[in-house]
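These notes concern the structure reproduced below.
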């Protein structure tokens, strides 16, 4: 069965500090992995996907199949990064499973 | 372009009452999903429909039923609401057939069962 785990429910950093949000997954097939973000009073929206190997708003995430991880990183956090972040796994058959979420707070 | 539209936005039910949450998308997506969001538990999949004509249980299907009415619409029904079903419900849709396509979400329905 597929599963996504985000071990930190809350994460607080100061502006300008590096931030890493952890995500681990379990799935026997080839995973499609995503990070979604929910800003206050807004809809959940896609932040980035592993296949693109892109940097969005300064965030990057690398898929490590050996460690079954897909951690989200940003070298210098900004106050506007404060939000709820969800890691998600999409499997064959279109099932889309989310982790428990990490509430990131960036303090001034 | 409306995207994913959920109705209603807010609802208060008494224990034992029934209701249907509506969801419609106008992006010609074939996959649709229902989630509930609870503090500390993240987004949990209730049911999903990979394509028109199919529905499958997710992680927490008990107490819910779904109907994929057509390609655009996917409704969630609570037959006999319980206080444990107090939550924020999200509908989402995505395109099946291409790798790594993103899911688009509705604005959510805040349901309180008293």
Count, please, the residues in the range B:72-93 that happen to be within 14 Å of another protein chain (Cβ to nearest Cβ) and either part of a loop (DSSP other than H, G, I, E, B) or surrounded by fewer than 21 Cβ atoms within 10 Å (Cβ to Cβ) (or both).
-> 1
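Suppose the filter is surrounded by 14 or more Cβ atoms within 10 Å (Cβ to Cβ), without any contact (Cβ under 8 Å) to a residue 12 or more places away in the chain and closer than 16 Å to residue A:99 by Cα; does residue B:42 pass it?
Values: surrounded by 14 or more Cβ atoms within 10 Å (Cβ to Cβ): yes; without any contact (Cβ under 8 Å) to a residue 12 or more places away in the chain: yes; closer than 16 Å to residue A:99 by Cα: yes.
It is true that residue B:42 is surrounded by 14 or more Cβ atoms within 10 Å (Cβ to Cβ), without any contact (Cβ under 8 Å) to a residue 12 or more places away in the chain and closer than 16 Å to residue A:99 by Cα.
Test residue B:36 against the criterion of being touching a strand residue (DSSP E or B) at 6+ places or on another chain (Cβ under 6 Å), buried (at least 22 other Cβ atoms within 10 Å of the Cβ), under 20 Å from residue A:88 (Cβ atoms) and free of Cβ contacts under 8 Å to residues at least 60 places away in the same chain, and give yes or no. Spell out the reasoning first.
On the way: touching a strand residue (DSSP E or B) at 6+ places or on another chain (Cβ under 6 Å): yes; buried (at least 22 other Cβ atoms within 10 Å of the Cβ): yes; under 20 Å from residue A:88 (Cβ atoms): yes; free of Cβ contacts under 8 Å to residues at least 60 places away in the same chain: yes.
Answer is yes for this residue.
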Residue among A:58, A:66 that is out of contact with any strand residue (DSSP E or B) (no Cβ under 7 Å at 6 or more places or on another chain) and either surrounded by fewer than 21 Cβ atoms within 10 Å (Cβ to Cβ) or at pLDDT 95 or above (or both) = A:66
Is at least one residue of the range B:53-66 over 23 Å from residue A:46 (Cβ atoms), away from chain A (no Cβ under 14 Å) and at pLDDT below 95?
-> no
Residue A:53 passes all but one of (1) crowded, with 16+ Cβ neighbours inside 10 Å; (2) on the phi > 0 side of the Ramachandran plot; which number fails?
-> (1)
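Scan the strands (runs of 3 or more DSSP E) fully inside the range A:45-108 and keep the ones with 1 or more residues being more than 11 Å from every other protein chain (Cβ to nearest Cβ). Full working, then the answer.
Numbers: elements: A:45-49, A:60-64, A:69-74, A:83-90, A:96-98, A:102-107.
Once the strands (runs of 3 or more DSSP E) in the range A:45-108 are filtered for at least 1 residues that are more than 11 Å from every other protein chain (Cβ to nearest Cβ), what remains is A:60-64, A:69-74, A:83-90, A:102-107.
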Is it the case that the range B:25-37 has a residue that's assigned to a loop (DSSP other than H, G, I, E, B), closer than 27 Å to residue A:2 by Cα and within 12 Å of chain A (Cβ to nearest Cβ)?
-> yes
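The values are calculated or read from the model by the stated rules, or taken from the named source; none is laboratory data. Everything numeric here is computed off the predicted structure, so don't read it as measured data. Counting neighbours? That spans all protein chains shown, and the Cβs are built from the backbone with ideal geometry, glycine included.
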